[in-house]
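The values are calculated or read from the model by the stated rules, or taken from the named source; none is laboratory data. What you are looking at is a predicted structure, and each value in this text was computed from that prediction instead of being measured. Note: ideal-geometry Cβ built from the backbone for every residue, glycine included; neighbour counts use all protein chains shown.
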Amino acid sequence: MTLPGFPDAAPFAGLAGGAMIGLAAAIMLLGAGRIAGVSGIAARAFGLADSSQPRSGAWAFVIGLPLGALIVMSVTGAAAPAFASPALLVVAGLIVGIGTRLGSGCTSGHGVCGMSRLSQRSLVAVATFMATGFATMAAMNALGIEVLQ
């Protein structure tokens with residue numbers, strides 16, 4: 001299926017991916033009693049967050065994210081992703097890490113888990129994430145900066 005104006009869109013793949021993310025978040029919340037926020041899980045894996053739970057589960061989650069993507073890529077024959085330079089990735093990662101600490105969570109924790117629970121803090125956080133993303137893309141387009149595709 002193609003969408004008018006978006007010939008490369010894959011709405012069914014996006015729907016399936018979104019359903020799997022929602023299911024994984026629900027299983028984690030119901031099974032472990034924890035929010036599936038990636039920044040919090042990563043902080044726990046690296047020992048940066050206080051937790052009485054073992055770090056092995058957090059490490060399994062962190063390792064499973066890229067491993068799952070690699071498995072899907074190898075099974076479907078999808079193109080390999082393109083990345084920015086390592087220096088830019090480090091700087092971007094630090095900025096995102098600071099933002100997740102300031103916002104008390106990341107897009108997965110607020111966007112997937114917080115929005116579904118109608119958390120007011122998450123509603124404000126997601127509105128802020130989206131507005132910042134829109135403003136950043138508008139500024140990049142105005143400056144003629146190309147985004148990796």
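Quick notes on this structure:
- Meets criteria (assigned to a loop (DSSP other than H, G, I, E, B) and free of Cβ contacts under 8 Å to residues at least 60 places away in the same chain) for SER56: no
- Selection of segment 1-53 for residues being surrounded by 14 or more Cβ atoms within 10 Å (Cβ to Cβ) and assigned to a loop (DSSP other than H, G, I, E, B) yields ARG34, ILE35, ALA36, GLY37, ALA49, SER51.
- Filtering GLY105, GLY111, GLY64, GLY99 for residues that are on the phi > 0 side of the Ramachandran plot and surrounded by 12 or more Cβ atoms within 10 Å (Cβ to Cβ) leaves a single hit, GLY105.
- Enumeration of residues in segment 41-63 that are in contact with a helix residue (DSSP H, G or I) (Cβ under 6 Å, 6 or more places away or on another chain) and not basic (Lys, Arg): ILE41, ALA42, ALA45, ALA49, SER51, ALA58, TRP59, PHE61, VAL62
- Restricting ALA82, ALA78 to those that are in contact (Cβ under 8 Å) with a residue 60 or more places away in the chain, among the small types (Gly, Ala, Ser), loosely packed, with under 15 Cβ neighbours inside 10 Å and part of a loop (DSSP other than H, G, I, E, B) reduces the list to ALA82.
- In segment 114-138, the residues that are touching a residue at least 12 places away in the same chain (Cβ under 8 Å) and surrounded by fewer than 20 Cβ atoms within 10 Å (Cβ to Cβ): SER116, ARG121, VAL126, THR128, PHE129
- Among (1) touching a helix residue (DSSP H, G or I) at 6+ places or on another chain (Cβ under 7 Å); (2) modelled with pLDDT of 80 or more - the single one VAL72 does not satisfy: (1)
- Unmet requirement for LEU65, which otherwise passes all of (1) assigned to a loop (DSSP other than H, G, I, E, B); (2) free of Cβ contacts under 8 Å to residues at least 60 places away in the same chain; (3) closer than 29 Å to LEU102 by Cβ: (1)
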